[in-house]
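Just so it is clear, none of the values below were taken in a lab; they were calculated from the coordinates. Note that the structure is a prediction, hence the values are computed from the model and not measured. So basically every Cβ, Gly included, is an ideal-geometry build from the backbone, and we count neighbours across all protein chains shown.
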Amino acid sequence: MTVQETKLEGCFIIQPQIFEDKRGYFLESFNSKEFYKVTGIKVDFLQDNESQSSKGVLRGLHYQKGKYAQAKLVRVIKGKVLDVVVDLRQNSKTFGQYVSIELSEENKIQVFVPRGFAHGFLVLEDHSIFSYKCDNYYNKDAESGIIFNDRDLNIDWYYPKEDLIISDKDLILPTLKNADL
């Protein structure tokens, strides 16, 4: 696997090695030993999640607070999404900055999202399947988020706002300035 750090310290793009032949393909989606060797980060994933969404669905920007914070390894199994990661670490030199990466079933790119970051994605193809591993269990009371269109973050979703499909819960999330970090 090839691992490349983004402009946000601790957030990595992972490109697995793909072995293809006439039968199809094989890839190792994660190898803890290799990831540690390249990044110095030891992570033990405890929970796997998967969602299927239609084109135009925007999920996020979500995070877990305090002792329930989660690091995630995210990828697309089917379809295509615009994945967005925001640094919420107040002492970080990249606090309030984001990266966006297109993840698809074709490119097989994955993103490691460290604890202390918000995460969201916009679905670019119908019936996209998004999968992610978490290093901590979900806790409803620790759930939080940032509104997708926060003016200070100024995230370019590359999609008309009027065509977005967003949950009622995500539409009332606070701005970064008003967030409970």
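When Rg and Dmax are taken over the Cα atoms of the range 53-104, they come to 12.9, 37 Å.
At 1.567 mPa s and 4 °C, plugging the Kirkwood radius over alpha-carbon pairs of the range 46-178 into Stokes-Einstein gives what diffusion coefficient in µm²/s?
87 µm²/s
Residue by residue, the range 105-111 carries 3J(HN,Hα) couplings of 5, 6, 7, 6, 5, 10, 10 Hz when phi is fed to the Karplus relation 6.51 cos²θ - 1.76 cosθ + 1.60 (θ = phi - 60°); x denotes Gly or Pro. With 31 Å as the limit on Cα-Cα distance, the pairs of 67/169; 22/42; 7/80 that go past it are 22/42. With the simple spin-label model, which puts each label point 7 Å out from Cα in the Cβ direction, the residue 149 to residue 181 separation comes to 2.4 nm.
Can you tell me how much longer the chain between residue 32 and residue 156 gets when fully stretched, taken as 0.36 nm per residue apart minus their C-alpha distance, in nm with one decimal?
Contour length minus Cα-Cα distance gives 41.4 nm.
Computed from label points 7 Å out along Cα-Cβ, the spacing between residue 44 and residue 23 is 3.4 nm.
Compactness ratio for the range 1-111: Cα radius of gyration over 2.2 N^0.38 Å (N = residue count) comes to 1.14. Maximal additional length on extending the residue 95-residue 77 stretch stands at 3.5 nm, based on 0.36 nm per residue less the C-alpha distance. Annotation note: trypsin sites (Lys or Arg not before Pro) in the range 99-178 located in DSSP loop regions with a Cβ neighbour count of at most 14 within 10 Å are 151. Could you list the residues of the range 66-80 with an amide nitrogen less than 15 Å from a label point located 7 Å from the Cα of residue 141 in the Cα-to-C-beta direction? Taking a point 7 Å out along Cα→Cβ of residue 141, the residues of the range 66-80 whose backbone N falls under 15 Å are 66-69.
Net charge in the neighbourhood of residue 43 (other residues with Cβ under 9 Å of its Cβ; Lys, Arg +1, Asp, Glu -1) is 0. In order along the range 116-131, phi translates into HN-Hα couplings of x, 10, 8, 9, x, 8, 10, 7, 9, 9, 4, 6, 6, 10, 10, 10 Hz, rounded to whole numbers, per the Karplus curve 6.51 cos²θ - 1.76 cosθ + 1.60 with θ = phi - 60° and x for Gly and Pro.
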